[in-house]
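Working notes for the structure below.
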Amino acid sequence: MSVVPAPAPSPVSAGAASFAMGGQPTLPSRMAQFYALTKPRVVQLIVFCAFIGMVLAVPGLPSAAQWGVMALASLGIWLVAGAAAAFNCLVERHIDARMKRTAWRPTAKGELTRGQALGFSALLCVVGSALLYWWVNPLTMWLTFATFVGYAVVYTVILKPLTPQNIVIGGASGAMPPVLGWAAMTGAVEAQSLILCLIIFLWTPPHFWALALYRVEDYRKSGLPMLPVTHGNEYTRLQVFLYTLILFAGCLMPFICGMSSWIYLGAAVLLSATFCVYGYWLWRDYSDVLARKTFRFSLIHLSLLFAALLVDHYVL
């Protein structure tokens, strides 16, 4: 489960590699290893998008009780998202070991056993699901668990090794956080939350394929059928550009549907137009440096877009 940004080697993993006398890891380093399995930066973005869904679902300022529900829902979603990330690390440990970008992960380095990683993932999933079921509402728990299955099983186990469109199809699970947040506050899945879900769904392919372009040799070694490996650099660049255009249209929907005002519209147009420019440059004059910049801007795009929704919600 994931909004699918791919983290660089983490300083957490460096600390996790430290060992005490006798070759046994210290307690802090073992905890750091488990923490690294949760892909913290990815999960932070997931929880942020879910939180925006919670805020937008509540007219005006939330009450004290609603803030409490938001805090519990955020924690529950964080735990289940971390469980999905840990399960992903477990399933892909051999693939991760062949890729420079992911070789640092504790499961890839053999610092954690399969049983340890599986037990940790199961614990997070059970605790997070129980918290959501009993302290938020059952719908949010089932939607979050379905997202776990979609990312950890459908995407990781089935789609990723099967088709170069894996990130497009599997992106549906990564786009769910705003729906989870909305359901946590309303107990329902409403059209507004699906619009936010659509934006993340359309954002995922250009975000991820920009990364895959400059990491293509990593993916070639891994044996995964990523788009730059199966269809080549030029075709992938064109797809990135076309998706930025479709994403631009998708980002206008909150304004068109009356969810937001001119504040959000201005931010959406500026951010999405800039993303399109990056996509066009990438298509017409490729370089690894530009692909990195496009990938990094995609993270800025989504973060600021949802922040603009938050500002717009409270200003007007």
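Please rank Arg284, Arg237, Arg105, fewest neighbouring Cβ atoms within 10 Å first, as an exposure proxy. Let's see the in-between values first.
Values: Arg284 9, Arg237 25, Arg105 28.
Going from sparsest to densest Cβ surroundings: Arg284, Arg237, Arg105.
Would you mind checking the radius of gyration and Dmax of the chain based on alpha-carbon positions, in Å?
Rg then Dmax for the chain, in Å: 19.5, 64.
Tell me, what HN-Hα J-couplings in whole Hz come from the Karplus equation 6.51 cos²θ - 1.76 cosθ + 1.60 at θ = phi - 60° for each residue of segment 238-250, using x for Gly and Pro?
Listing the rounded values in order: 5, 5, 4, 4, 5, 5, 5, 5, 5, 4, 3, 4, x Hz.
For the pair Thr274/Thr26, report the inter-label distance in nm, with labels modelled 7 Å from Cα in the Cβ direction.
That separation, rounded to one decimal, is 4.1 nm.
Taking the beta-carbon count within 10 Å as an exposure proxy, list Thr274, Thr144 from fewest neighbours to most. Working shown, then result.
Working: Thr274 14, Thr144 31.
Least to most surrounded, the residues fall as Thr274, Thr144.
Can you list the lysines whose alpha carbon is less than 21 Å from that of Lys39, not counting same-chain residues fewer than 8 positions off?
Lys100, Lys109, Lys160
Ranked by Cβ crowding within 10 angstrom, fewest neighbours first, how are Glu111, Glu217 ordered? Before the final figure, lay out each step's value.
Working: Glu111 21, Glu217 12.
Going from sparsest to densest Cβ surroundings: Glu217, Glu111.
Taking only the alpha-carbon positions of segment 191-316 and ignoring solvent, what does the Debye formula give for the base-10 log of I(q)/I(0) at q = 0.18 Å⁻¹?
Results for segment 191-316 at q = 0.18 Å⁻¹ read -0.87.
Can you compute 3J(HN,Hα) from phi for each residue in segment 72-89, using the Karplus curve 6.51 cos²θ - 1.76 cosθ + 1.60 with θ = phi - 60°, rounded to whole Hz and x for Gly and Pro?
Result, ordered by residue: 5, 5, 4, 5, x, 5, 4, 5, 5, 5, x, 5, 5, 5, 5, 5, 4, 4 Hz.
Give me the extension gain from Arg292 to His231: residue separation times 0.36 nm, minus the current Cα-Cα distance, reported in nm with one decimal.
Working: separation 61, 0.36 × 61 = 21.96 nm, distance 1.98 nm.
Between Arg292 and His231, full extension yields 20.0 nm more.
For a Förster distance of 30 Å, can you work out the FRET efficiency between the beta-carbons of Tyr314 and Ala146, rounded to the nearest 0.05? Please report the intermediate quantities before stating the final value.
Values: r = 31 Å, r/R0 = 1.03.
Given R0 = 30 Å and the Cβ-Cβ separation, E is 0.45.
Taking 7 Å along the Cα-to-C-beta vector as the label spot, tell me the Ala249-Arg220 distance in nanometres, rounded to one decimal.
So the two model labels end up 3.5 nm from each other.
Would you please give the FRET efficiency between Leu123 and Thr163, computed as 1/(1 + (r/R0)^6) with r the Cβ-Cβ distance and R0 = 35 Å, to the nearest 0.05?
On the way: r = 32 Å, r/R0 = 0.91.
It comes to 0.65.
Show that you can apply the helix-only estimate: for the chain, add -39,500 (n - 2.57) for every DSSP H stretch of four or more residues, divide by all residues, and state [θ] at 222 nm to the nearest 500. Could you put the intermediate results ahead of the total?
Values: 16 runs with 231 residues, N = 316.
After summing the helix terms and dividing by residue count, I get -23500 deg cm²/dmol.
What ranking do 238-245, 255-262 get when scored by the average of other Cβ atoms within 10 Å per residue, highest first?
Details: 238-245: 20.4, 255-262: 14.1.
Result, highest mean first: 238-245, 255-262.
I'd like the distance separating the alpha-carbon centroids of segment 51-89 and segment 240-316, in whole Å.
So the two Cα centres are separated by 24 Å.
Each value in this text was obtained by applying a stated rule to the coordinates, not by laboratory testing. Predicted, not measured: the structure shown is a model, and the values here were computed from it. All Cβ positions, even for glycine, are placed from backbone atoms using ideal geometry, and neighbour counts span all protein chains on display.
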